[in-house]
Amino acid sequence: MELFCQMEGAPQELGGVFVIAVVAVIALIMIMLFVSTCLYICPPNEVLIFSGGKKRMADGSTRGFRAVFGGRGWRIPFLEQVDRMPLTLMEVPVNIRGAFSKGGIPLNVDAIANVKITSDPSMVGNAIERFLGRDPNEIRRVSKETLEAHLRGVLARLTPEEVNEDRLKFADELSRESEADLSKLGIHLDTLKITHVNDDVRYLDSTGREMIANVIKEAEIAESNSKREAELAEAANEARGTVTKSNTDANIAKMRNDLRKIQADLEAEVKSEEERTLAAARQANATAEQELQQIRAELEAIRLQVETVLPAEANQVAQQYRAKGEAAIVREKGVASSEALKAMNEAWAEAGPDAMAILLIDDLEKLLGKAIVGVSKVKIDNINVIDSGSGSTLPAYVASYPAMLGSILGALTTVTGIDIAKIVSGSTATEVK
């Protein structure tokens with residue numbers, strides 16, 4: 001039951017939201033329609049006229065419209081009507097024929113004017129009252145007729161020469177003359193330029209020819225005066241040029257003389273300076289040569305000292321040290337020999353009866369060498385060994401060498417009284433017989 005109630009309430013909520021959305025869309029459409037029908041945008045070259053309401057002016061008066069220059073404006077629905085009026089520029093050609101100037105000379109004047117509807121809020125009401133809803137050509141026609149009428153009035157106060165020569169003044173006069181009437185119409189005159197002025201009786205041409213003749217005459221007179229002045233100026237310039245040339249030549253000659261004098265002074269000063277420089281150079285050379293010889297003498301003395309004196313002194317010192325060394329060596333040898341003899345005596349005393357054996361053992365190599373030398377003196381040229389067939393001959397010959405050595409040792413024993421063989425074998429002590 002509760003679920004059914006919830007389902008029944010959901011469509012009601014959806015329907016309420018839909019109604020609100022529809023109302024919002026309708027309101028938005030109505031607002032857009034209101035804005036599109038009641039809001040008017042005015043470009044800067046137009047004026048919007050809202051008719052149907054009341055607008056109070058600055059002077060306290062009221063009028064039944066209001067003007068908007070550029071921007072935007074809101075129209076009151078059903079109560080106001082909106083019209084547009086262009087503020088763009090309009091060219092108005094002004095041409096008059098046979099208009100009498102001051103002095104009774106009829107002139108033909110061509111001019112071009114640029115007019116527009118005024119943008120002055122205090123004066124635009126005049127244009128709205130007179131030209132709202134009318135063709136722009138009608139505005140041109142009214143402006144043209146107004147300007148032509150005032151142009152005739154201005155020409156009546158000016159001479160043909162003033163009109164032709166000072167067209168700017170003529171245009172200013174015409175602008176001031178027509179400004180009041182154009183303001184009453186709500187029209188503003190931007191510019192007015194005179195393009196052409198002439199007359200049918202050729203008065204201006206005659207005046208022009210007279211003026212041209214006067215101008216030519218004055219030009220010829222001026223040319224003649226200019227030529228005469230040019231000739232006078234040329235003659236005066238030639239005279240001044242001659243005087244100037246003479247003065248210049250004199251100044252040049254004077255300057256040349258001064259230059260020669262200066263050159264002579266400079267040459268004399270240069271020669272004097274050269275002589276002083278040469279003398280100073282010679283003196284400097286002599287001083288330098290003297291110093292060089294002195295340096296050479298010092299160098300020679302140093303060379304002699306190095307090559308002769310110093311080596312001699314060094315040799316003398318070396319010989320002294322060599323003599324001291326040799327003396328020290330001899331002294332040390334004597335000390336060593338003394339010590340050796342002392343040690344030998346002590347060793348001999350300690351050895352006792354074996355001292356002679358020790359001495360012989362020490363000199364055994366020398367004794368054997370001497371014995372060998374004695375044996376080597378025995379020379380045998382040829383030995384012929386004849387064996388009896390028993391093979392004992394050759395061994396007997398070989399055994400003769402030790403026997404020879406034994407004979408030599410025996411001879412030494414006989415001579416010295418020392419049995420070397422026994423001493424070597426160590427069987428008995430050696431005795432000196």
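The values are calculated or read from the model by the stated rules, or taken from the named source; none is laboratory data. What you are looking at is a predicted structure, and each value in this text was computed from that prediction instead of being measured. Because the Cβ atoms are built from the backbone with ideal geometry, glycine has one as well, and the counts that use them run over all protein chains shown. In case anyone asks, the SASA skips ligands and DNA or RNA and just uses the protein heavy atoms, side chains included. Shrake-Rupley method; radii C 1.70, N 1.55, O 1.52, S 1.80 Å.
Compared with the direct C-alpha span, the chain from GLN293 to CYS38 gains 79.0 nm at full extension, assuming 0.36 nm per residue.
Positive-end ranking of PRO43, TRP74, PHE100 along the dipole of the range 23-112, with charges on Cβ about the Cα centre, is headed by TRP74. Solvent-accessible surface of the range 69-128, taken per residue with a 1.4 Å probe and all protein chains present: 50 Å². Share of carbon and sulfur in the accessible area of the range 277-336 stands at 61%, probe radius 1.4 Å. Comparing Cα centroids, the range 149-165 and the range 56-122 end up 26 angstrom apart. Couplings for the range 231-239, taken from phi via the Karplus curve 6.51 cos²θ - 1.76 cosθ + 1.60 with θ = phi - 60°, read 5, 4, 5, 5, 4, 4, 5, 4, 4 Hz in order; Gly and Pro are left as x.
Taking packing as the residue-averaged number of other Cβ atoms within 10 angstrom, the listed peptides 269-281, 149-161, 93-105 run from highest to lowest as 149-161, 93-105, 269-281.
Evaluated on the range 45-98, the Kirkwood hydrodynamic radius is 13.6 Å, with distances taken between all distinct Cα atoms. The Cα center of the range 232-290 and the Cα center of the range 15-50 differ in position by 106 Å. Estimated at the nearest 10 Å², the accessible area of THR62 is 80 Å² with a 1.4 Å probe.
Averaged over residues, the count of other Cβ atoms within 10 Å places the peptides 79-85, 18-24 in the sequence 79-85, 18-24, highest first. With the simple model of a label 7 Å out from the Cα in the direction of the Cβ, ASN137 to ASN237 spans 6.9 nm. Beyond 18 Å in Cα-Cα separation lie the following of the pairs LYS54/LYS184; LYS169/LYS193; LYS144/LYS169; LYS116/LYS144; LYS116/LYS193; LYS144/LYS184: LYS54/LYS184; LYS144/LYS169.
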